[in-house]
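Visitor: Please see the structure below; I have some questions.
Read the figures in this text as sums done on the coordinates, not as results from a lab. Owing to the predicted nature of the structure, the values given are computational and were not obtained by experimental measurement. A quick note on method: Cβ atoms are made from the backbone with ideal geometry, for glycine too, and the neighbour counts reach across all protein chains shown.
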Amino acid sequence: MTPALRVLMISDVSPLAIAGGGERVLWEQSSRLVKRGHRIRILSRSPGDGVTYAVEREGVPISHFPVDRRSPLRFCLSSILQASRSVTRLLAEEGADILHLYQPFSGFGALRSHPARDLPCLYTFLSPAPMEYMCRTGMTPYHRSGPIGRAIQLMLWAIERACLKRATRIHVLSRFSADQLWGLYRSIPSDRIIKIAGGVDPERFQPAGDRHAIRRMLGLPVGSSLLLTVRNLESRMGLDNLLRALDILRRHVPEFLLLIGGSGSLRNELESLSASLDLQGHVRFLGYVSEAHLPLYCQAADVFVLPTRQLEGFGLITVEALACGTPILGTPVGATPEILGPLDPSLLFRDATAEAMAEGLRHFFESRSPDLAPGLHLRQACRLHAETHYTWDMSIDRLEAVLRDLARVAAPLPRAAGLTP
C-alpha cells in the first residue's frame, strides 16, 4: 500500500462558496484525493467580511484567513500577508509533503512562509491573473479601471510570475492555457508544464431516460426547442451577442426557449437587452443554478450554447453537458475547440459574432432534430466523448501521479510528462 500524501492546498477562493470554475476544480481535486486516502487540507481567503473559521466538509479540513477589504490595495496586501502567516502556522502544526497553489495572492504569500521554502510546489494555472482582472473591471469594488487598475494588473503579473518561477510543476487544464502562460510569462520552461484536463462525474451527469419528464418537473415547455447556457453574467461570457443571435434566429426557428443560468453584475443589463429585442417569450433568466439542479437542466436541453467572448481556459460545464448527451455549440474561443473539435467540428461557430451564432443555431435545428436519428447519434457521441476523455477519475489519476512524483524529491524533477492529452 502506497503511503498517504500530505498536501496543503492554498487558494484565493473558498470551496464553501462555489462561484465559478476555480472553486469547483479545487473542491473536486481535494475531495477526491481524500477519498483515495490522502491527507488534504485547504487554506483559502475568507469568503466573508474578515470572518475566519475552520470547518470539515466530507473529510476535507478547510481553514480560512482574514483579509482587509477597505481598499483594493489593502485587499491585495492583506491576502498575501495573512496567507503567509496561516501557512507558517499550519506547517508548524501539521506539516505537509507538498504545497498545491491555485491563485497568485495566497500562493505568493505561501511561498514567502519560511517553512514552505523547501517543499515541492504544484501551481494550478487556471487563467492568467492580470487578464482575468482586466476582464472583471467594474464587477466588484476591487476591480478598478484607470491608474489603480493598471497598477493592480502589474502587481498581479509580477506576483503570478514569481509563483510560476518558484513552482516545481505547473498544472494547466488545456493547451490554450499553456499557450497563454508561455505568451505572458515567457521564461517558464515547457518541461515543467503538465496538462491535466478538468473532468466530469459521469454518474451525476448522465443522459435522461425521459427528457420530457424532466422538463415537466422543472416547469419547462415540452414542445419547444430548448437552449441552455450557464455562465457568470459578465462581459467576457458573450451573452449579449447570444441574445442578438436569438433576435436573428427567431425569423427561421419560431419555437424556442433559451434558459440563462447564473448570476453576475450584468443581469439587469442583459434583461433590458432581452426586453428591447422583444425576446421575453424566448428567454428565461434562471438566476444561480444549484449543484443539485445543474444536471437536470443539462439533461432537459436540446442544446447547450457557449457564447464566450474571451478567456475560456477549459469550461467544466462543457464536459458536464456533453456527459448528459447534450450537444454544445460554442464559439472558437479558448479551449473550446480542443474539446469540441475532435467530437464534431460543426459544433463550433465560425466566430463569436451574433450572426455566426444565429447561423450555427439555425443549421443545428434544421439538420439535427434531437428525437430523430442524426440527433440521437450526436447525443450518444457526446456522452461517449465525455466518458472517454473527461472523467474526474482519469483527471485525479494523473494528478495523484504528479503529486507522488513531487513528494519523492524536494527539488524539480529532471523531466515532466509535458502536454500529453
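Visitor: Hey, rough spin-label estimate for residue 74 and residue 184, points 7 angstrom out along Cα→Cβ, what's it come to in nanometres?
Guide: My value for the distance between the label points is 2.7 nm.
Visitor: What is the stretch 211-389 by shape, rounded, prolate or oblate, if you read a ≥ b ≥ c off the alpha carbon gyration tensor as root eigenvalues and call it rounded for a/c under 1.5, prolate for a/b larger than b/c, and oblate otherwise?
Guide: Rounded.
Visitor: Say the dipole of the chain comes from +1 at the beta carbon of Lys and Arg and -1 at that of Asp and Glu; which of 347, 375, 287 then lies farthest toward its positive end?
Guide: Toward the positive end, the furthest listed residue is 287.
Visitor: Go ahead and estimate [θ] at 222 nm for the chain from helices alone: -39,500 (n - 2.57) per DSSP H run with n ≥ 4, summed, over the residue count, rounded to 500.
Guide: It comes out at -13500 deg cm²/dmol, rounded to the nearest 500.
Visitor: When a footprinting reagent is the concern and you count Cβ atoms within 10 Å, what order do 114, 64, 363 take, fewest first?
Guide: Least to most surrounded, the residues fall as 114, 363, 64.
Visitor: What does the convex hull of the Cα atoms come to per residue for the stretch 313-358, in Å³?
Guide: Enclosed volume per residue, from the Cα hull, is 70 Å³.
Visitor: Rounded to the nearest 0.05, what FRET efficiency do residue 384 and residue 268 have when you use their Cβ-Cβ distance and R0 = 51 Å?
Guide: Computed FRET efficiency for residue 384 and residue 268 comes out at 0.80.
Visitor: Just 357, 217, 134 to compare: in a GNM of the chain, with alpha carbon springs under 10 Å, which one fluctuates most?
Guide: Largest GNM mean-square fluctuation: 217.
Visitor: Give the distance, in whole Å, between the Cα centre of the stretch 151-172 and the Cα centre of the stretch 288-324.
Guide: 29
Visitor: Just want the ordering: 163, 121, from fewest to most Cβ atoms lying within 10 Å of their own Cβ.
Guide: Placing the least packed residue first, the sequence is 121, 163.
Visitor: Which ³J(HN,Hα) values, rounded to whole Hz and listed in residue order, are derived for the stretch 254-261 from phi using the Karplus coefficients 6.51, -1.76 and 1.60 in 6.51 cos²θ - 1.76 cosθ + 1.60 with θ = phi - 60°, glycine and proline given as x?
Guide: Result, rounded to whole Hz: x, 9, 7, 9, 9, 9, 10, x.
Visitor: Can you pull the one-decimal nm distance between simple spin-label points at residue 275 and residue 175, each 7 Å off the Cα toward Cβ?
Guide: Rounded to a tenth, the inter-label distance reads 4.6 nm.
Visitor: Looking at the stretch 1-155, send over the antiparallel percent of its DSSP beta bridges, to the nearest 5.
Guide: Around 20 percent antiparallel, to the nearest 5.
Visitor: Using 0.36 nm per residue of separation minus the Cα-Cα distance, give me the extension gain between residue 286 and residue 217 in nm, one decimal.
Guide: Full extension of this stretch gives 23.3 nm more.
Visitor: Please list, ordered by chain and number, the residues whose modelled amide H lies under 5 Å from the amide H of residue 286; skip anything fewer than 5 residues away on the same chain.
Guide: Under 5 Å from the amide H of residue 286 lie the amide H atoms of 260, 261, 262, each far enough along the sequence or on another chain.
Visitor: Further, regarding this structure: Which is the longest part of the chain that has none of the GluC sites (Glu not before Pro) sitting in a DSSP loop with at most 14 other Cβ atoms within 10 Å?
Guide: Looking at the chain, 292-421 is the longest stretch - no exposed GluC sites (Glu not before Pro) with at most 14 other Cβ atoms within 10 Å.
Visitor: A follow-up question, please. Tally the DSSP beta bridges in the chain and give the antiparallel ones as a percent, rounded to 5.
Guide: Taking every DSSP beta bridge within the chain, about 10 percent pair in antiparallel fashion.
Visitor: Given a Förster distance of 25 Å, report the FRET efficiency between residue 165 and residue 114 from their Cβ-Cβ distance, rounded to the nearest 0.05.
Guide: Taking R0 as 25 Å, the efficiency between residue 165 and residue 114 is 0.85.
Visitor: With +1 assigned to the C-beta of every Lys and Arg and -1 to the C-beta of every Asp and Glu, and no other charges, what is the dipole magnitude of the chain about the Cα centre in debye, to the nearest 20?
Guide: My answer is approximately 1220 debye.
Visitor: Give me the extension gain from residue 394 to residue 355: residue separation times 0.36 nm, minus the current Cα-Cα distance, reported in nm with one decimal.
Guide: 10.3 nm
Visitor: For the stretch 111-250, just the Cα set please: Rg and Dmax, both in angstrom.
Guide: Looking at the stretch 111-250, its Cα Rg and Dmax stand at 21.0, 63 Å.
Visitor: Can you give the Rg/Rh ratio of the stretch 180-224, where Rg is from the C-alpha atoms and Rh is the Kirkwood radius?
Guide: Result for the stretch 180-224 is an Rg/Rh of 1.41.
Visitor: Just to verify a number: FRET efficiency for residue 150 and residue 18, C-beta to C-beta distance, R0 = 45 Å, to 0.05?
Guide: Once the sixth-power term is evaluated, E becomes 0.90.
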